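Asker: Structure provided below as C-alpha coordinates; questions to follow.
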Amino acid sequence: MSSSDLEARLEALDKAHNGFPQEEIPQFVDLMQVYEGAMFEISTKLDILDSEFQVRFSHDPIHHLERRLKSVNSIIGKLERKELPMTIESIKDNLFDVAGIRVICNYRDDVYSVSNYLSAQSDIQVLRVKDYIKTPKQNGYRSLHVIYAVPVFLSSGPHYTPVEVQFRTIAMDYWASLEHALRYKSDLPDARFEEHSQTLLDCARSLQNVESQMQNIHRDINGAPQVEDA
Ligand code: GTP
Ligand code: MG
(Lines give C-alpha, C1' and ligand atoms only; values in the text may rest on other atoms or scores of the structure.)
(Ligands and ions follow the chains in the order given, each with its own letter.)
Protein backbone atom coordinates (compact mmCIF):
# COMPACT_ATOMS: atom_id res chain seq x y z
CA MET A 1 0.00 0.00 0.00
CA SER A 2 1.51 3.35 -0.94
CA SER A 3 1.70 6.18 1.55
CA SER A 4 -0.72 8.25 -0.57
CA ASP A 5 -3.27 5.40 -0.34
CA LEU A 6 -2.85 5.40 3.41
CA GLU A 7 -3.25 9.16 3.57
CA ALA A 8 -6.42 8.94 1.48
CA ARG A 9 -7.75 6.28 3.86
CA LEU A 10 -6.98 8.40 6.90
CA GLU A 11 -8.66 11.37 5.28
CA ALA A 12 -11.78 9.31 4.51
CA LEU A 13 -11.77 8.04 8.07
CA ASP A 14 -11.50 11.57 9.44
CA LYS A 15 -14.35 12.71 7.21
CA ALA A 16 -16.57 9.79 8.11
CA HIS A 17 -17.03 10.92 11.74
CA ASN A 18 -18.97 7.75 12.25
CA GLY A 19 -17.89 7.02 15.75
CA PHE A 20 -14.70 5.15 14.81
CA PRO A 21 -12.39 6.03 17.72
CA GLN A 22 -9.66 8.43 16.56
CA GLU A 23 -7.07 6.78 18.82
CA GLU A 24 -7.53 3.51 16.90
CA ILE A 25 -6.63 5.01 13.52
CA PRO A 26 -2.90 4.03 13.60
CA GLN A 27 -3.92 0.45 14.45
CA PHE A 28 -6.46 0.55 11.65
CA VAL A 29 -3.76 1.47 9.15
CA ASP A 30 -1.58 -1.40 10.44
CA LEU A 31 -4.51 -3.79 10.16
CA MET A 32 -5.20 -2.82 6.55
CA GLN A 33 -1.58 -3.52 5.71
CA VAL A 34 -1.90 -7.04 7.15
CA TYR A 35 -5.06 -7.64 5.08
CA GLU A 36 -3.24 -6.41 2.01
CA GLY A 37 -0.35 -8.82 2.71
CA ALA A 38 -2.79 -11.72 3.04
CA MET A 39 -4.45 -10.74 -0.24
CA PHE A 40 -1.07 -10.69 -2.03
CA GLU A 41 -0.15 -14.10 -0.60
CA ILE A 42 -3.29 -15.70 -1.96
CA SER A 43 -3.10 -14.01 -5.33
CA THR A 44 0.54 -15.12 -5.73
CA LYS A 45 -0.49 -18.69 -4.96
CA LEU A 46 -3.20 -18.43 -7.63
CA ASP A 47 -0.75 -17.01 -10.19
CA ILE A 48 1.64 -19.89 -9.50
CA LEU A 49 -1.14 -22.50 -9.94
CA ASP A 50 -2.21 -20.84 -13.20
CA SER A 51 1.34 -20.90 -14.61
CA GLU A 52 1.82 -24.51 -13.54
CA PHE A 53 -1.35 -25.53 -15.42
CA GLN A 54 -0.16 -23.59 -18.44
CA VAL A 55 3.17 -25.46 -18.44
CA ARG A 56 1.77 -28.93 -17.65
CA PHE A 57 -1.50 -28.95 -19.58
CA SER A 58 -1.17 -25.98 -21.98
CA HIS A 59 -4.35 -24.59 -20.44
CA ASP A 60 -4.84 -21.41 -18.38
CA PRO A 61 -7.60 -22.20 -15.88
CA ILE A 62 -7.72 -18.59 -14.66
CA HIS A 63 -9.00 -16.02 -17.12
CA HIS A 64 -8.14 -13.14 -14.78
CA LEU A 65 -7.99 -12.11 -11.11
CA GLU A 66 -9.48 -9.07 -9.40
CA ARG A 67 -8.43 -7.94 -5.95
CA ARG A 68 -9.71 -5.29 -3.62
CA LEU A 69 -9.45 -4.12 -0.04
CA LYS A 70 -12.75 -2.97 1.40
CA SER A 71 -12.89 0.82 1.58
CA VAL A 72 -12.97 2.55 4.95
CA ASN A 73 -16.51 3.71 4.27
CA SER A 74 -17.71 0.20 3.39
CA ILE A 75 -16.10 -1.18 6.55
CA ILE A 76 -17.81 1.45 8.68
CA GLY A 77 -21.08 0.97 6.78
CA LYS A 78 -21.03 -2.81 7.30
CA LEU A 79 -20.27 -2.51 11.04
CA GLU A 80 -23.19 -0.07 11.34
CA ARG A 81 -25.58 -2.24 9.32
CA LYS A 82 -24.76 -5.27 11.45
CA GLU A 83 -24.95 -3.15 14.62
CA LEU A 84 -21.40 -4.16 15.57
CA PRO A 85 -18.99 -2.11 17.69
CA MET A 86 -16.84 0.41 15.80
CA THR A 87 -13.48 -1.01 16.91
CA ILE A 88 -10.44 -2.75 15.46
CA GLU A 89 -11.26 -5.91 17.43
CA SER A 90 -14.76 -5.90 15.98
CA ILE A 91 -13.40 -5.67 12.40
CA LYS A 92 -11.03 -8.58 13.09
CA ASP A 93 -13.72 -10.71 14.73
CA ASN A 94 -16.65 -10.03 12.41
CA LEU A 95 -15.61 -8.96 8.91
CA PHE A 96 -14.17 -11.73 6.77
CA ASP A 97 -14.27 -9.89 3.46
CA VAL A 98 -11.96 -6.93 4.15
CA ALA A 99 -9.52 -8.57 1.72
CA GLY A 100 -11.26 -9.97 -1.35
CA ILE A 101 -10.14 -11.76 -4.50
CA ARG A 102 -12.30 -12.72 -7.45
CA VAL A 103 -10.97 -15.57 -9.58
CA ILE A 104 -12.61 -15.62 -12.98
CA CYS A 105 -12.08 -18.98 -14.68
CA ASN A 106 -12.76 -20.16 -18.19
CA TYR A 107 -14.78 -23.28 -17.27
CA ARG A 108 -16.64 -24.69 -14.27
CA ASP A 109 -14.10 -27.55 -14.05
CA ASP A 110 -11.40 -24.89 -13.63
CA VAL A 111 -13.31 -23.29 -10.74
CA TYR A 112 -13.24 -26.57 -8.81
CA SER A 113 -9.71 -27.62 -9.74
CA VAL A 114 -8.17 -24.24 -8.85
CA SER A 115 -10.15 -23.93 -5.59
CA ASN A 116 -9.36 -27.53 -4.59
CA TYR A 117 -5.63 -27.13 -5.24
CA LEU A 118 -5.57 -23.87 -3.28
CA SER A 119 -7.60 -25.29 -0.38
CA ALA A 120 -5.24 -28.29 -0.15
CA GLN A 121 -2.15 -26.10 0.46
CA SER A 122 -0.82 -26.85 3.90
CA ASP A 123 0.04 -23.31 4.98
CA ILE A 124 -3.48 -21.90 4.66
CA GLN A 125 -6.77 -22.87 6.30
CA VAL A 126 -10.28 -23.01 4.88
CA LEU A 127 -12.58 -21.13 7.27
CA ARG A 128 -15.84 -21.32 5.31
CA VAL A 129 -17.17 -22.55 1.95
CA LYS A 130 -20.42 -21.41 0.32
CA ASP A 131 -21.06 -23.23 -2.94
CA TYR A 132 -23.62 -21.20 -4.88
CA ILE A 133 -22.72 -23.19 -8.02
CA LYS A 134 -24.07 -26.49 -6.64
CA THR A 135 -26.89 -24.56 -4.94
CA PRO A 136 -27.52 -21.27 -6.79
CA LYS A 137 -29.20 -18.41 -4.91
CA GLN A 138 -32.90 -17.85 -5.61
CA ASN A 139 -32.13 -14.87 -7.87
CA GLY A 140 -29.86 -17.09 -10.04
CA TYR A 141 -26.51 -15.99 -8.55
CA ARG A 142 -23.77 -18.61 -8.94
CA SER A 143 -20.18 -18.55 -7.57
CA LEU A 144 -18.05 -20.54 -5.16
CA HIS A 145 -17.10 -18.48 -2.08
CA VAL A 146 -14.24 -19.65 0.13
CA ILE A 147 -12.86 -17.78 3.13
CA TYR A 148 -9.21 -18.65 3.77
CA ALA A 149 -7.05 -17.84 6.78
CA VAL A 150 -3.54 -16.94 5.64
CA PRO A 151 -0.50 -16.47 7.89
CA VAL A 152 1.08 -13.04 7.41
CA PHE A 153 4.49 -12.99 9.07
CA LEU A 154 5.15 -9.78 10.97
CA SER A 155 7.95 -9.03 13.42
CA SER A 156 5.65 -10.32 16.19
CA GLY A 157 5.07 -13.66 14.40
CA PRO A 158 2.36 -15.11 12.15
CA HIS A 159 -1.02 -13.34 12.03
CA TYR A 160 -3.74 -15.54 10.52
CA THR A 161 -5.79 -13.22 8.37
CA PRO A 162 -9.03 -13.95 6.46
CA VAL A 163 -9.34 -13.45 2.71
CA GLU A 164 -12.64 -13.98 0.88
CA VAL A 165 -12.14 -15.62 -2.53
CA GLN A 166 -14.99 -15.77 -5.03
CA PHE A 167 -14.37 -18.34 -7.76
CA ARG A 168 -16.62 -18.09 -10.81
CA THR A 169 -16.68 -18.60 -14.57
CA ILE A 170 -16.73 -15.82 -17.15
CA ALA A 171 -20.47 -16.46 -17.66
CA MET A 172 -21.18 -16.27 -13.90
CA ASP A 173 -19.20 -13.02 -13.70
CA TYR A 174 -20.99 -11.54 -16.71
CA TRP A 175 -24.33 -12.31 -15.04
CA ALA A 176 -23.32 -11.11 -11.55
CA SER A 177 -22.11 -7.74 -12.89
CA LEU A 178 -25.48 -6.96 -14.48
CA GLU A 179 -27.45 -8.23 -11.48
CA HIS A 180 -25.31 -6.04 -9.20
CA ALA A 181 -25.94 -3.01 -11.44
CA LEU A 182 -29.70 -3.68 -11.37
CA ARG A 183 -29.73 -4.08 -7.57
CA TYR A 184 -28.04 -0.72 -7.05
CA LYS A 185 -30.17 1.09 -9.62
CA SER A 186 -32.61 2.26 -6.99
CA ASP A 187 -34.64 4.68 -9.13
CA LEU A 188 -36.37 1.98 -11.23
CA PRO A 189 -40.13 1.55 -10.73
CA ASP A 190 -40.88 -1.68 -8.80
CA ALA A 191 -42.61 -3.33 -11.77
CA ARG A 192 -39.61 -2.82 -14.07
CA PHE A 193 -37.23 -4.06 -11.37
CA GLU A 194 -39.33 -7.22 -10.93
CA GLU A 195 -39.51 -7.79 -14.68
CA HIS A 196 -35.72 -7.42 -15.08
CA SER A 197 -35.09 -9.70 -12.09
CA GLN A 198 -37.26 -12.40 -13.66
CA THR A 199 -35.47 -12.01 -17.01
CA LEU A 200 -32.13 -12.26 -15.20
CA LEU A 201 -33.23 -15.51 -13.58
CA ASP A 202 -34.02 -16.89 -17.06
CA CYS A 203 -30.63 -15.63 -18.29
CA ALA A 204 -28.88 -17.43 -15.40
CA ARG A 205 -30.47 -20.73 -16.48
CA SER A 206 -29.61 -20.16 -20.14
CA LEU A 207 -26.01 -19.28 -19.30
CA GLN A 208 -25.76 -22.41 -17.17
CA ASN A 209 -26.87 -24.52 -20.15
CA VAL A 210 -24.51 -22.81 -22.59
CA GLU A 211 -21.68 -23.22 -20.10
CA SER A 212 -22.33 -26.95 -19.71
CA GLN A 213 -22.42 -27.53 -23.46
CA MET A 214 -19.18 -25.60 -23.97
CA GLN A 215 -17.60 -27.36 -21.00
CA ASN A 216 -18.38 -30.71 -22.63
CA ILE A 217 -16.83 -29.67 -25.95
CA HIS A 218 -13.75 -28.54 -24.03
CA ARG A 219 -13.62 -31.85 -22.12
CA ASP A 220 -14.03 -33.83 -25.34
CA ILE A 221 -11.22 -32.11 -27.21
CA ASN A 222 -9.00 -32.57 -24.15
CA GLY A 223 -9.88 -36.25 -23.71
CA ALA A 224 -11.77 -35.82 -20.41
CA PRO A 225 -15.03 -37.73 -19.69
CA GLN A 226 -18.37 -36.08 -20.50
CA VAL A 227 -20.61 -35.28 -17.57
CA GLU A 228 -24.35 -34.62 -17.67
CA ASP A 229 -24.58 -31.57 -15.46
CA ALA A 230 -26.63 -29.06 -17.45
P1 GTP B 1 -22.19 -10.37 3.69
O2 GTP B 1 -20.76 -10.15 3.30
O3 GTP B 1 -22.54 -9.67 4.94
O4 GTP B 1 -23.14 -10.08 2.56
O5 GTP B 1 -22.37 -11.88 4.05
P6 GTP B 1 -21.62 -13.14 3.48
O7 GTP B 1 -20.14 -12.87 3.37
O8 GTP B 1 -22.05 -14.30 4.29
O9 GTP B 1 -22.26 -13.23 2.05
P10 GTP B 1 -22.00 -14.17 0.81
O11 GTP B 1 -20.82 -15.06 0.97
O12 GTP B 1 -23.29 -14.81 0.45
O13 GTP B 1 -21.71 -13.07 -0.31
C14 GTP B 1 -20.61 -12.24 -0.24
C15 GTP B 1 -20.35 -11.52 -1.57
O16 GTP B 1 -20.76 -12.31 -2.70
C17 GTP B 1 -21.10 -10.22 -1.78
O18 GTP B 1 -20.38 -9.15 -1.19
C19 GTP B 1 -21.11 -10.10 -3.31
O20 GTP B 1 -19.83 -9.69 -3.81
C21 GTP B 1 -21.30 -11.52 -3.73
N22 GTP B 1 -22.73 -11.87 -3.85
C23 GTP B 1 -23.46 -12.62 -3.00
N24 GTP B 1 -24.73 -12.74 -3.43
C25 GTP B 1 -24.81 -12.05 -4.60
C26 GTP B 1 -25.88 -11.80 -5.53
O27 GTP B 1 -27.01 -12.23 -5.37
N28 GTP B 1 -25.58 -11.04 -6.62
C29 GTP B 1 -24.34 -10.54 -6.86
N30 GTP B 1 -24.15 -9.80 -7.97
N31 GTP B 1 -23.31 -10.75 -6.00
C32 GTP B 1 -23.54 -11.49 -4.88
MG1 MG C 1 -19.25 -10.74 2.47
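The values are calculated or read from the model by the stated rules, or taken from the named source; none is laboratory data. The structure presented is a predicted model; accordingly, all values stated were derived computationally and were not measured. Don't worry about glycine lacking a Cβ; one is built from the backbone with ideal geometry, like all the others, and counts go over all protein chains shown. The area values use the complete protein model at the heavy-atom level, side chains included, leaving out ligands, DNA and RNA. Shrake-Rupley method; radii C 1.70, N 1.55, O 1.52, S 1.80 Å.
Asker: Might you check whether a residue that is modelled with pLDDT of 95 or more, hydroxyl-bearing (Ser, Thr, Tyr) and either under 20 Å from Thr44 (Cβ atoms) or under 16 Å from the mean Cα position of the chain (by Cα) (or both) occurs anywhere in the stretch 197-216?
Answerer: No, the stretch 197-216 has no match at all.
Asker: Name the single residue that is nearest to ligand 2 (Cβ to nearest atom) among those in the stretch 90-106 being surrounded by 21 or more Cβ atoms within 10 Å (Cβ to Cβ) and not in a strand (DSSP E or B).
Answerer: Val98
Asker: Look through the stretch 49-89, keep the residues that are over 16 Å from the mean Cα position of the chain (by Cα) and among the aliphatic types (A, V, I, L, M), and return whichever of them is surrounded by the fewest Cβ atoms within 10 Å (Cβ to Cβ).
Answerer: Among residues in the stretch 49-89 that are over 16 Å from the mean Cα position of the chain (by Cα) and among the aliphatic types (A, V, I, L, M), the one surrounded by the fewest Cβ atoms within 10 Å (Cβ to Cβ) is Val55.
Asker: Also, quick follow-up: Restricting the search to the stretch 102-137, which residues are basic (Lys, Arg) and either touching a helix residue (DSSP H, G or I) at 6+ places or on another chain (Cβ under 9 Å) or free of Cβ contacts under 8 Å to residues at least 24 places away in the same chain (or both)?
Answerer: Arg102, Arg108, Lys130, Lys134, Lys137
Asker: Taking the stretch 153-165 as the region of interest, how many residues are modelled with pLDDT of 95 or more and either open to solvent by less than 20 Å² (accessible area, probe 1.4 Å) or polar (S, T, N, Q) (or both)?
Answerer: Final tally of qualifying residues: 4.
Asker: Same structure, new question: State all residues of the stretch 74-111 that are within 11 Å of ligand 1 (Cβ to nearest atom) and among the basic types (Lys, Arg); if no residue qualifies, say none.
Answerer: Lys78, Arg81, Lys82, Arg102
Asker: All but one of (1) over 30 Å from Tyr35 (Cα atoms); (2) in contact (Cβ under 8 Å) with a residue 60 or more places away in the chain; (3) part of a loop (DSSP other than H, G, I, E, B); (4) within 13 Å of ligand 1 (Cβ to nearest atom) hold for Cys203, so report the exception by its number.
Answerer: Going through (1) over 30 Å from Tyr35 (Cα atoms); (2) in contact (Cβ under 8 Å) with a residue 60 or more places away in the chain; (3) part of a loop (DSSP other than H, G, I, E, B); (4) within 13 Å of ligand 1 (Cβ to nearest atom) one by one, Cys203 breaks only (3).
Asker: Taking the residues in the stretch 152-178 that are more than 19 Å from Tyr132 (Cβ to Cβ) and aliphatic (A, V, I, L, M) as candidates, determine which candidate is nearest to ligand 1 (Cβ to nearest atom).
Answerer: Only one residue fits best here, namely Val152.
Asker: Let me ask something else. Residue check: is Gln198 within 16 Å of ligand 1 (Cβ to nearest atom) and not in a loop (DSSP other than H, G, I, E, B)?
Answerer: On the way: within 16 Å of ligand 1 (Cβ to nearest atom): yes; not in a loop (DSSP other than H, G, I, E, B): yes.
Answer is yes for this residue.
Asker: Mind checking which pairs have a first residue in the stretch 75-101 that is closer than 17 Å to Gly37 by Cβ and a second that is away from ligand 1 (no atom under 14 Å from the Cβ) and open to solvent by 80 Å² or more (accessible area, probe 1.4 Å), Cβ under 8 Å, 6 or more apart or different chains?
Answerer: Going by the 8 Å Cβ cut-off, the qualifying pairs are Ile88/Gln27.
Asker: Under 26 Å from Phe28 (Cα atoms) and surrounded by fewer than 18 Cβ atoms within 10 Å (Cβ to Cβ) - does that describe any residue in the stretch 114-123?
Answerer: yes
Asker: Quick one: which residue in Arg192, Arg205, Arg168, Arg219 is more than 30 Å from Ile88 (Cβ to Cβ), open to solvent by less than 20 Å² (accessible area, probe 1.4 Å) and not hydroxyl-bearing (Ser, Thr, Tyr)?
Answerer: Matching residue, one of Arg192, Arg205, Arg168, Arg219: Arg168.
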